[in-house]
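The values are calculated or read from the model by the stated rules, or taken from the named source; none is laboratory data. Please read all numbers here as calculations on a predicted model, not as lab measurements. Counting neighbours? That spans all protein chains shown, and the Cβs are built from the backbone with ideal geometry, glycine included. Surface accessibility is based on the protein's heavy atoms, side chains included, excluding ligands, DNA and RNA. Shrake-Rupley method; radii C 1.70, N 1.55, O 1.52, S 1.80 Å.
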Amino acid sequence: MTGWVAIAGLGPGAEALVTPEVTATLAEATDVVGYIPYVARVAERPGLTLHASDNRVELDRARHALEMAAGGRRVVVVSSGDPGVFAMAAAVFEALEAGAPEWRDLDIRVLPGITAMLAAAARAGAPLGHDFCAINLSDNLKPWALIEKRLRLAAEADFAMAFYNPRSKARPEGFARVLELLREACGDDRPVIFARAVSTPEERLTVVPLTEARPEMADMRTVVLVGSSLTRVLRDGARPLVYTPRSAPE
């Protein structure tokens, strides 16, 4: 087959944070597939067709990309951040597994990108400097009981945590419950970082102790980072710097 699929991460927002590999691949593409605001980040040019779709049709989008590639098109499926972190790479492979056998012969590549989690951590300092985990707080594709179980176990294990999709208009109460659970499970004033729209003109970074964290501090453009019991905040400089030491006591 002459067609191919590249599943590419566009980074957290700033053009400077798109990798050269992704930029070069987009220059070769005949088609770009993705969620509407992510496709809008790709410049139009002759010979390139943009296929933008809604956020809840990931499998349809993935199948469309594979069908076009099987027909000889050079297709880039775009995600924000990294395509393997709560994004389109898994959807493409899910469609591949259930799809036409000939799709298995396609050249399929995953091109990494800078995640919102890592961009937010870099802005704050080094809050993920020791063991950490990432949890998607959306219950669209998994039950809320599983989210709560993972939160409790992560707190018990004393991980630093990164939360994606914390608070939507459709389910604002979920993140309030997350904060309640963390206060119960952690029992301390570890730092919480609300990082909104990092690397864009709308960027906002707020660092508060867990007892002062409020649900309305987050929306769907916010990544929330919660420190472990060892995480420190340095407040003597121009801005707070948050870091988690590289070692833990025995």
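Points to keep in mind about this one:
- Residue satisfying all of: in region 53-84; in contact with a strand residue (DSSP E or B) (Cβ under 6 Å, 6 or more places away or on another chain) and among the aliphatic types (A, V, I, L, M); nearest to residue 2 (Cα to Cα) among these: 69
- Test: residue 163 is of a type in the set (Phe, Trp, Tyr) and either farther than 24 Å from residue 230 by Cβ or assigned to a helix (DSSP H, G or I) (or both): no
- Residue in region 207-236 that is least open to solvent (accessible area, probe 1.4 Å), counting only those that are over 21 Å from residue 158 (Cα atoms) and either acidic (Asp, Glu) or assigned to a strand (DSSP E or B) (or both): 222
- Odd one out for residue 99, checked against (1) touching a residue at least 60 places away in the same chain (Cβ under 8 Å); (2) over 19 Å from residue 31 (Cα atoms): (1)
- Counted residues, region 126-153 - those being in contact (Cβ under 8 Å) with a residue 60 or more places away in the chain, among the small types (Gly, Ala, Ser) and open to solvent by 40 Å² or more (accessible area, probe 1.4 Å): 1
- Counting only residues that are under 22 Å from residue 141 (Cβ atoms) and in contact with a strand residue (DSSP E or B) (Cβ under 6 Å, 6 or more places away or on another chain), region 85-107 holds 5 of them.
- A single member of 139, 158 is over 17 Å from residue 115 (Cα atoms), modelled with pLDDT under 95 and in a loop (DSSP other than H, G, I, E, B), and it is 139.
- Search result, residues across region 31-56 that are closer than 26 Å to residue 141 by Cα and among the aliphatic types (A, V, I, L, M): 32, 33, 36, 39, 40, 52
- In region 156-206, the residues that are open to solvent by 60 Å² or more (accessible area, probe 1.4 Å) and in contact with a His (Cβ under 9 Å, 6 or more places away or on another chain): 159
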